[in-house]
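Asks: Pasting a structure below so you can have a look.
Nothing in this text is a laboratory measurement; each read-out follows from the coordinates by a stated rule. Predicted model only: the values in this text are computed from it and were never measured. No Cβ is skipped: glycine too gets one built from the backbone with ideal geometry, and neighbour counts run over all protein chains shown.
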Amino acid sequence: MNKVVISLVKWLAVAGLVVAPILVFSGHEVEAHSLANPLAVGEEVRVGVHVSELTRALMTMPAGSGTPRGAGTTGKEWWVSEWAYYVMYQSLIEALRSEGTAYAVVSDADIREGRLLTGEGKPRYPIVISLAAEAVGDDEIVPLRQYVAAGGYLLVGSSSFTRYPDGRTRGDFALAGEMGLHMREASLSNWYENGSFTKLVEHRLVAHIPSGEMKWRLPKSGEEIPLGAYPDIAPHRWHLAWGVNGAGAQVLASGSQGPLLTVKGYGNGQVIYYGVMQPLLGHGGYDVGMYSYVILRRAIEWAYEARGLPIVKLSPWRYEYDAGLVVRHDVENWVGVIAEIDQSAQWEWARGVKGDYYLTTGTVRLGSEDTQMSEGMKAEVIQRLRSAAALYGATIGSHNGGLRNPGSNTLPGTDYFYWHWGPDEALDRVIGGYSSGSAYAEASLLQSFLDIEGWMSGVDNGRAGCGAIGDCPRTWVSPFFNATREGSYAILERLGVKTAGEQKLGVYPHWTVSTGEEGKVWGIVSLPTNEWYLTDVVQAIDDHTNETIDEAVDFYYGLGGLLNIYTHYGSHVDGKVQRYILRSIGKPRVWATNAVGVYDWWVKRSGVEVTPSYERVGDEVRVVMSVSGAVDSETAVEVVLPGWGRGEVLNLGVLINGVAVGSDRYRTTGYGVKVKAGAGNNQVEVRYTVNVLMTATPAPATATATATATPGEVIAFPTTGVLDDFNRGGGVLGSNWSGKVSGYSIVNNRLDVGGGGEIFWQAAPYGADQEAYVTLAGVDSGGLEHNLILKGQGSLGYSSGLIEVYYDAANRRVQVWTYASGQGWVQRGGDLGVTYVNGDQFGARARWNGVVEVYRNGVLVGSVDVRGWPYYAGGGYIGLWFFEAGNALADDFGGGNVVYGSIPTASATATSTATSTATSTATASATATSTATSTATSTATASATATSTATSTATSTATASATATPSASATATSTATSTATNTATASATASPTSSATATSTATSTATHTATASATATPTASASVTNTSTPSPTVTVSLTATPTATGQAMQWIYFLPFVQADELAPEVSFWIYDRR
């Protein structure tokens, strides 16, 4: 059968269990991502999706006395008629399937029986998302609380955890204290109509959202018409949100009646609250479904990052691509545009792009009541449409046009609204000669498709080879996006429509989620349009500026999504369309395709199942992905590696079916690694070593501690090699560079600045810790700007955001500036006085923590804090920018991800023998004063000695101690080097105790060792406290208790590099067993 029927969830109502969903494609079944709960014993690299059987039961439970009843309600305990409960979790599941993120369903029974934690008491899932899961048992509250306290992240949606299983209101959230929120009204009617989102603070969850108040359009119900029915055409505004008051939570954004998005730490985890009832499905171009989706995506990334876990994904795209591109033209009934589709298609074809053109077919149909064109002109246009498809790869799709608008009997055939209406508008109407409004709408769409199929007979319309066999797919986009009701989707499916563009659920293509039938996903691939906010969501290129086109393309490309900003005009004449296309295809690894190409790929991809497992032993990590059901050789998996851009991943290796593979089967990316899994059933394994010098994520150990740390100090500047020495002829920069490359040329093996402008090394974006440098072969002494670019958010211009390190030769100073949409240009920090001369190396480094450092010939000039810039913690492109410096010359441009080196360490060991010995050594090379003390206490005999040599000028303290029973001896030695005097004293008492004290100079760089041994069970401890000024306070504590004779334990701590101008960091370190 040629109709695709998809059933996402088939429930087995036995003991509250959920069985795996089955996908049915062309008559054969393949298992989708399993929803059955795995028998896992450890941490999982899957998102937990809470599907509450208690809340599902409310949908069939008659409404009790305390539940709203009557008009506008369902008459059940789930009384809200706008959305069925299943819409929320099914939308979330489809969004995760669309982006490829592995997930597992979490039931109330799972929570109640303690399956949110592993046997070791760790969170089984990095994050659990619970959307509108209102009913929760008392026996679930403690497990949820324990999950968060152990380090889990819990995303609570709207009314979750507010009712008892029998439907009675709890009057507040069951986890109100942990959430830091209370219900505004202690009733089931706590909903309000929201239409706004006001961002209040900068936070990673809202970094993508403009500051201030914005219109936050989402559908109020599945049956709401997105833009209304003729003649009342206007986008919907309101949706349901749950009313809350803050009580300790950090409010990131408010709605029209109070907090809408909040976060609150609890124990080692976080509780995130988002008050929109249905936060993911968008209907139409004006909705913020993508902005809203990214909030949840950022929450997932945050949770995995906090746990130090990799994110495993089935790639949305074939191996070679990082994003998709379609060029959608809604040409309506506009005769001038329709008549030149072939010219537009030719312009696109010349640039490797294939456009999709949707028109109201009655405008061109011979003999129709639309007389904008003569019959002869219509015949000519039909030939042009055939040429556009046959010669230039264009696809002609339906935008209705079969029958007149059912909302008016008086509109002339030439009127814009005559053909321009969606099936949603007809469903509730009574129309003479038709059994129902649905029948009328279906007849209209069918006529439109028959028009196209008659015109394009024998021509490949959308897919190579389809014309000859007469099975070219039907593609559709609705006028006004008015085709999102269940009745409209049923019409589209009966007509065999393969692609549509009305529902949007994230930034990737997706199967269309049913809002009226549990477990159903329509066999229609939705290609969501990209949204961008100005004074409202800009839905088409027509309303963009050149700058916002660039920003939007860069943003969606950065997400790896589908680039789909649609237009009403032809590419050959519209500069904005041309800018959109050129900006998009200028990105590396963009798949320029059409709607049918996306559909064909999505059908293949949807049969693939990826089952991930994760194992960490010591510092070694294995991520294993069992990939089954793949039918395309370019099927790929992605692994987002924690700390990838910060030097925290070493010794990366990839195996397929147990055999190591090379760069022909995997490639590294800005987030980690992408592997070509291939067709068939294959096991993909990614191995790596966690660089414990760089990460604070604890390895398995017998000791227990928490950790927060900054990256380690690097050896020198730069740590990376030259990327371009410019030693070539030809004059032009070459394909590795993008941006305003025409402003430069290569002369005598150097970069000669002409008009200048921003240029980017586009071969690859780099991670959160990156550097760039260039040799200033010729400084333009009167020039204005000799600049380095760091963390560029795009590779064609500054408008997407970047850090500019700007050398002003005329005034002999460096300034650091940032640019972001909504902020504009902002200077960060003050001026740094410095003079660069010909031959000097000008360098800069941007760290993950917002510190930007400036270097001259490898020597640090100074640093500034750019944490006010929204992209400071991420990565991006590096580059150059010369402005009004036409006499400048440059050479040897380099940079990339910072390579971290060794860090000073301290260690202590304990061995079970008859004596106890503690040795302390402090070494310093900065301006600080250190006091080292060693004490040994014994009930029998003891001796102690102390020696010390040191000088300094500031203040620091180092302390080491060891205690053992029944006998012990201790020796303490402290050594440091500086420029002032030192005093050392020591004293000892033979029985029953002994102590020794030494005073010396030291700074925060120290090596400390301690050894303890005893025939009994001794305890040895060592600590170093640095109170030097102006450096922040650093405390390190090490403790161990060997449990048996002959066991040995080694401790190690990592002393972090702390930037002098950072604000009071508090750093604690974990301890792990090295036996």
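Asks: Through the Karplus equation 6.51 cos²θ - 1.76 cosθ + 1.60, θ set to phi - 60°, convert the phi angles of the range 257-264 into ³J(HN,Hα) values in whole Hz; use x for Gly and Pro.
Replies: After applying 6.51 cos²θ - 1.76 cosθ + 1.60, I find 9, x, x, 10, 9, 9, 9, 7 Hz.
Asks: Dipole of the range 40-306, Cα-centred, from +1 at each Lys and Arg C-beta and -1 at each Asp and Glu C-beta, to the nearest 20 debye?
Replies: 300
Asks: Hey, another quick one. Given a cut-off of under 8 Å on Cα pairs at least six residues apart, what relative contact order in percent is computed for the range 40-306? Present the calculation step by step, with values, prior to reporting the outcome.
Replies: Values: 601 pairs, mean separation 51.1, N = 267.
After rounding, I find 19 percent.
Asks: A further question on this structure: Just going by the charge dipole of the range 397-543, with Lys and Arg at +1 and Asp and Glu at -1 on Cβ, which of Tyr418, Leu446, Asn405 is farthest out on the positive end?
Replies: Comparing the listed Cα positions along the dipole, Leu446 ranks first.
Asks: Let me ask something else about it. Could you compute the net charge surrounding Tyr807? Neighbours are other residues with a C-beta less than 13 Å from the C-beta of Tyr807; K and R count +1, D and E count -1. Spell out each step's value before the answer.
Replies: Values: positive: Arg812, Arg813, Arg856; negative: Asp780, Glu785, Glu804, Asp808, Asp831, Asp840, Glu884.
Spelling it out: positives minus negatives among the neighbours equals -4.
Asks: Return the FRET efficiency for the residue pair Gln372, Thr73: r is the Cβ-Cβ distance, R0 is 51 Å, and the value is rounded to the nearest 0.05. Present the calculation step by step, with values, prior to reporting the outcome.
Replies: On the way: r = 48 Å, r/R0 = 0.95.
Given R0 = 51 Å and the Cβ-Cβ separation, E is 0.60.
Asks: Same structure again: How charged is the neighbourhood of Asp892? Take every other residue with its Cβ under 12 Å from the Cβ of Asp892, and add Lys/Arg as +1 and Asp/Glu as -1. Please list the in-between numbers first.
Replies: On the way: positive: Arg750; negative: Asp724, Asp725, Asp840, Asp891.
Local charge sum for Asp892: -3.
Asks: Which parts of the range 650-675 would a label at Thr689 reach, counting a residue when its backbone N lies under 17 Å from a point 7 Å out along Cα-to-Cβ?
Replies: 650-654
Asks: So, one more: Please find the FRET efficiency linking Asp232 to Asp664, where r is the Cβ-Cβ separation and R0 is fixed at 51 Å, and quote it to the nearest 0.05. It would help to have the intermediate numbers written out before the result.
Replies: Values: r = 58 Å, r/R0 = 1.14.
Efficiency for this residue pair is about 0.30.
Asks: I want to make sure I understand the PRE zone here: with the label point 7 angstrom from the Cα of Ala763 toward its beta carbon, which residues in the range 635-663 have backbone N atoms less than 19 Å away?
Replies: Output list for this probe position: 645, 663.
Asks: Residue by residue through the range 227-242, which ³J(HN,Hα) values in whole Hz follow from phi under the Karplus form 6.51 cos²θ - 1.76 cosθ + 1.60 (θ = phi - 60°), with glycine and proline marked x?
Replies: 10, x, 9, 4, x, 9, 8, 6, x, 5, 10, 9, 9, 8, 9, 8
Asks: If you add up the charges near Arg474, with Lys and Arg at +1 and Asp and Glu at -1, over every other residue whose beta carbon is less than 9 angstrom from its beta carbon, what do you get?
Replies: Working: positive: Lys498; negative: Glu453.
That works out to 0.
Asks: Over the Cα atoms of the range 40-306, Rg to Rh with Kirkwood Rh, two decimal places? Walk me through the numbers before you get to the answer.
Replies: On the way: Rg = 17.6 Å, Rh = 18.6 Å.
So for the range 40-306, dividing Rg by the Kirkwood Rh gives 0.95.
Asks: So, one more: Tell me which residues come under 5 Å, amide H to amide H, from Ala104 once H is placed; ignore anything under 5 positions away on its chain.
Replies: For Ala104, whose amide H was placed from the backbone, the distant partners under 5 Å are Val47, Gly48, Val49.
Asks: Something else: Among Ser187, Leu218, Ala247, pick out the residue whose Cα is farthest towards the positive end of the charge dipole of the range 179-284, where Lys and Arg carry +1 and Asp and Glu carry -1 on C-beta, about the Cα centre.
Replies: Projecting each Cα onto the dipole axis, the largest value belongs to Ala247.
Asks: Then there's this: Which entries of Lys215/Lys576; Lys122/Lys215; Lys199/Lys791; Lys199/Lys504; Lys504/Lys604; Lys264/Lys674 have Cα-Cα distances beyond 29 Å here? Before the final figure, lay out each step's value.
Replies: Numbers: Lys215/Lys576 25 Å; Lys122/Lys215 40 Å; Lys199/Lys791 24 Å; Lys199/Lys504 23 Å; Lys504/Lys604 21 Å; Lys264/Lys674 34 Å.
Beyond 29 Å: Lys122/Lys215; Lys264/Lys674.
Asks: Just grab the label-to-label distance for Leu860 and Ser742, each label 7 Å out from Cα along the Cβ direction, in nm (one decimal).
Replies: Placing both labels 7 Å beyond Cα along the Cβ direction yields 4.3 nm.
Asks: Same structure again: Below 8 Å between Cα atoms, with a sequence gap of 6+, how large is the relative contact order for the range 608-690 in percent?
Replies: Working: 179 pairs, mean separation 33.9, N = 83.
Answer for the range 608-690 is 41 percent.
Asks: Still on this structure: Would you mind working out the magnitude of the charge dipole of the range 323-604 relative to its Cα centre, with +1 at each Lys and Arg C-beta and -1 at each Asp and Glu C-beta, to the nearest 20 Debye? All intermediate terms of the calculation are to be shown ahead of the outcome.
Replies: Numbers: 22 positive and 34 negative charges, 156 e Å.
Computed charge dipole of the range 323-604: roughly 760 debye.
Asks: If packing is taken as the mean number of other Cβ atoms within 10 Å per residue, what is the order of 118-127, 159-168, highest first? Walk me through the numbers before you get to the answer.
Replies: Working: 118-127: 19.3, 159-168: 21.4.
Averaged packing, sorted descending, gives the order 159-168, 118-127.
Asks: Distance between the C-alpha centers of the range 780-823 and the range 152-208? Whole Å please.
Replies: That distance is 43 Å.
Asks: Would you pull out the residues with amide H under 5 Å of Val747's amide H, same chain only if 5 or more places away, H placed 1.01 Å from N?
Replies: Amide H neighbours of Val747: Asp752.
Asks: Next up: Return, ordered by residue number, the residues of the range 801-818 whose backbone nitrogen is under 17 Å from a label point located 7 Å along Cα→Cβ of Ser781.
Replies: From the range 801-818, the list is 808-813.
Asks: Could you state the number of Å between the C-alpha centres of the range 484-549 and the range 588-623?
Replies: 22
Asks: Same structure again: Quick one: if the Förster radius is 41 Å, what FRET efficiency do Ala468 and Asn409 give, using the C-beta to C-beta distance and rounding to 0.05? The partial results should precede the final answer.
Replies: Details: r = 43 Å, r/R0 = 1.04.
Efficiency for this residue pair is about 0.45.
Asks: Then there's this: Mind listing the phi-derived Karplus ³J(HN,Hα) values for the range 750-760, rounded to whole Hz, using 6.51, -1.76 and 1.60 with θ = phi - 60°, and x for any glycine or proline?
Replies: My calculation for the range 750-760 gives 9, 7, 9, 7, x, x, x, x, 6, 10, 10 Hz in order.
Asks: OK, next. Could you give the nm distance between label points at Trp825 and Asp428, where each point is 7 Å from its Cα heading toward the beta carbon?
Replies: About 5.4 nm separates the two model spin labels.
Asks: For the range 722-897, what is the relative contact order in percent, using Cα pairs closer than 8 Å and at least 6 residues apart in sequence? Show your work: numbers first, answer last.
Replies: Details: 531 pairs, mean separation 57.7, N = 176.
About 33 percent, as a whole number.
Asks: Same structure, new question: Which value, in debye to the nearest 20, describes the size of the charge dipole of the range 574-659 about its Cα centre when Lys and Arg Cβ atoms bear +1, Asp and Glu Cβ atoms bear -1, and nothing else is charged? Don't skip to the answer; put the middle values down first.
Replies: Working: 10 positive and 10 negative charges, 104 e Å.
Around 500 debye, computed over the range 574-659.
Asks: Another question, if that's okay. How far is it, in nm, from the label point at Glu453 to the one at Leu495 when both lie 7 Å from their Cα along the line to the Cβ?
Replies: 1.2
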